[in-house]
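> Before we start, here is the structure in question, set down as structure tokens.
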Amino acid sequence: MSNPRLSETSYIVLGLIEKIGPATPYDLKRMAQISTFNFWAVPHTQLYTECGRLADEGLLSERREQSGRRRRIYSLTKRGREALALWLTEPTEDLEEVRDPATLKLFFGGDPAKLAAAQLAAHRHKLRTYEQLRTEATDWPRGWLLALEAGIGHERESIRFWTRIEP
């Protein structure tokens with residue numbers, strides 16, 4: 001087999017299965033909603049299609065439930081583990097992609113006071129969510145905790161910024 005083209009979505013699928021074990025696309029969607037989607041949004045339909053693609057490439061194995069809904073359950077193959085391990089060893093200089101509707105509106109002349117009020121409420125809510133997760137995250141892997149700390153830092157900075165704008 002040739003080397004497959006892998007995207008960040010591919011690595012989300014491989015990484016989540018590596019962490020939680022055999023999973024259906026629905027299991028992956030639920031896990032991503034409380035983890036990776038907080039810093040890397042992917043339409044849930046992509047998770048479903050990516051599982052099939054990675055299985056076709058030999059990076060995941062697939063089995064079907066024998067009864068009930070006959071859901072597809074995916075597991076990492078040796079090749080999938082190797083691809084994930086290689087990707088994890090490669091440093092990246094890529095910066096985050098910021099796609100912030102409030103900043104876009106601010107740039108084009110949106111009302112700073114109205115934007116600030118809405119953004120402060122949203123960022124304070126997200127910060128509370130992250131801080132609650134941190135209190136519950138007693139047995140999380142180190143990488144998950146570090147990503148959570150990055151999210152907390154991002155929310156605190158956003159609150160600082162929008163507080164300066166608020167009248």
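> Within the stretch 142-164, can one find any residue that is open to solvent by 60 Å² or more (accessible area, probe 1.4 Å) and on the phi > 0 side of the Ramachandran plot?
Checked against the condition, which is being open to solvent by 60 Å² or more (accessible area, probe 1.4 Å) and on the phi > 0 side of the Ramachandran plot, the stretch 142-164 yields no hits at all.
> Hey, can you tell me all the residues within the stretch 34-83 that are in a helix (DSSP H, G or I), under 30 Å from residue 126 (Cβ atoms) and without any contact (Cβ under 8 Å) to a residue 24 or more places away in the chain? If you could, list the steps in order and put the result at the bottom.
First, pick out the residues of the stretch 34-83 that are in a helix (DSSP H, G or I): 36-38, 44-56, 78-83.
Restricting the remaining residues to those that are under 30 Å from residue 126 (Cβ atoms) gives 36-38, 44-51.
Across the stretch 34-83, the qualifying residues are 37, 44, 45, 48, 49.
> Where residues in the stretch 67-79 are polar (S, T, N, Q) and either under 23 Å from residue 147 (Cβ atoms) or modelled with pLDDT of 90 or more (or both), which of them is surrounded by the fewest Cβ atoms within 10 Å (Cβ to Cβ)? Let's see the steps before the verdict.
Within the stretch 67-79, the first condition is being polar (S, T, N, Q), and the residues that meet it are 67, 75, 77.
Adding the requirement that they be either under 23 Å from residue 147 (Cβ atoms) or modelled with pLDDT of 90 or more (or both) leaves 75, 77.
Details: 75: 15, 77: 17.
Selected residue: 75.
> Mind listing whichever residues of the stretch 83-96 are hydrophobic (A, V, I, L, M, F, W, C), over 18 Å from the mean Cα position of the chain (by Cα) and either modelled with pLDDT under 90 or open to solvent by 100 Å² or more (accessible area, probe 1.4 Å) (or both)?
86
Yes or no, residue by residue, for (1) among the hydrophobic types (A, V, I, L, M, F, W, C); (2) open to solvent by less than 50 Å² (accessible area, probe 1.4 Å); (3) at pLDDT 95 or above:
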site: 3; (1), (2), (3): no, no, no
site: 31; (1), (2), (3): yes, yes, no
site: 34; (1), (2), (3): yes, no, no
site: 53; (1), (2), (3): no, no, yes
site: 58; (1), (2), (3): no, yes, yes
site: 65; (1), (2), (3): no, yes, no
site: 81; (1), (2), (3): no, no, yes
site: 98; (1), (2), (3): yes, no, no
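> Separate question: Which one of 166, 96 is touching a Phe, Trp or Tyr at 6+ places or on another chain (Cβ under 9 Å) and not basic (Lys, Arg)?
Matching residue, one of 166, 96: 96.
The values are calculated or read from the model by the stated rules, or taken from the named source; none is laboratory data. The structure displayed is predicted, hence computed values, not measured ones. Counting neighbours? That spans all protein chains shown, and the Cβs are built from the backbone with ideal geometry, glycine included. Please note that ligands, DNA and RNA were not included when accessible areas were found on the heavy atoms of the full protein model with its side chains. Shrake-Rupley method; radii C 1.70, N 1.55, O 1.52, S 1.80 Å.
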